[in-house]
Amino acid sequence: MAYSSRYVSVTDVPIQIPDDYTNNQKEDALEYAEATLELDLNDGGEIPTENVSVLMETAVKQLATCQLAKGAEDPNDVTLGDLEDTGDTKVEYAQSFCDEYDKIVDKIINSGILENVGLDGEGEANSPYVYSTDDPSEGNIWTV
């Protein structure tokens with residue numbers, strides 16, 4: 001069964017490397033990247049579409065590209081074969097995308113934006129319900 005990406009399109013990956021990958025390879029990489037993002041930012045839960053930021057999409061693209069590039073480590077694989085001229089190894093090149101993912105996730109976490117959308121795991125903002133024991137006749141609104 002093919003994976004259906006939730007945050008970015010399969011055509012959005014890989015970034016900055018030759019696109020020699022099948023849609024199945026891209027779907028596998030996106031499944032890993034999206035699950036990792038959800039684990040890192042929302043305790044493994046799906047991130048509501050309205051809360052997905054451009055930075056989150058970029059992080060997914062970086063990590064999916066990392067996974068695709070890591071798959072090209074076989075010396076017989078022509079994918080990314082031109083890297084030898086730059087002095088970088090394929091592993092180092094793939095790791096640069098993983099490192100960029102980590103930087104973006106750190107920026108998101110440290111920015112405080114997760115608190116504003118209820119994905120920080122703390123406080124009332126994370127709850128879909130707000131309960132009040134105040135008397136509603138005093139003008140307080142109860143939301144459930």
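The values are calculated or read from the model by the stated rules, or taken from the named source; none is laboratory data. Keep in mind the model is a prediction, meaning the values are calculated, not measured. Glycine also receives a Cβ, built like all others from the backbone with ideal geometry; neighbour counts cover every protein chain displayed.
List of remarks:
- Scanning region 78-117 for residues that are among the polar types (S, T, N, Q) and either modelled with pLDDT of 80 or more or within 22 Å of Leu37 (Cα to Cα) (or both) returns Gln95, Ser96, Asn110, Ser111, Asn116.
- Residues of region 39-58 that turn out to be surrounded by 15 or more Cβ atoms within 10 Å (Cβ to Cβ), in a helix (DSSP H, G or I) and touching a Lys or Arg at 6+ places or on another chain (Cβ under 9 Å), as a count: 0
- Single unsatisfied condition, Ala72 versus (1) over 13 Å from the mean Cα position of the chain (by Cα); (2) modelled with pLDDT of 55 or more; (3) in a helix (DSSP H, G or I): (3)
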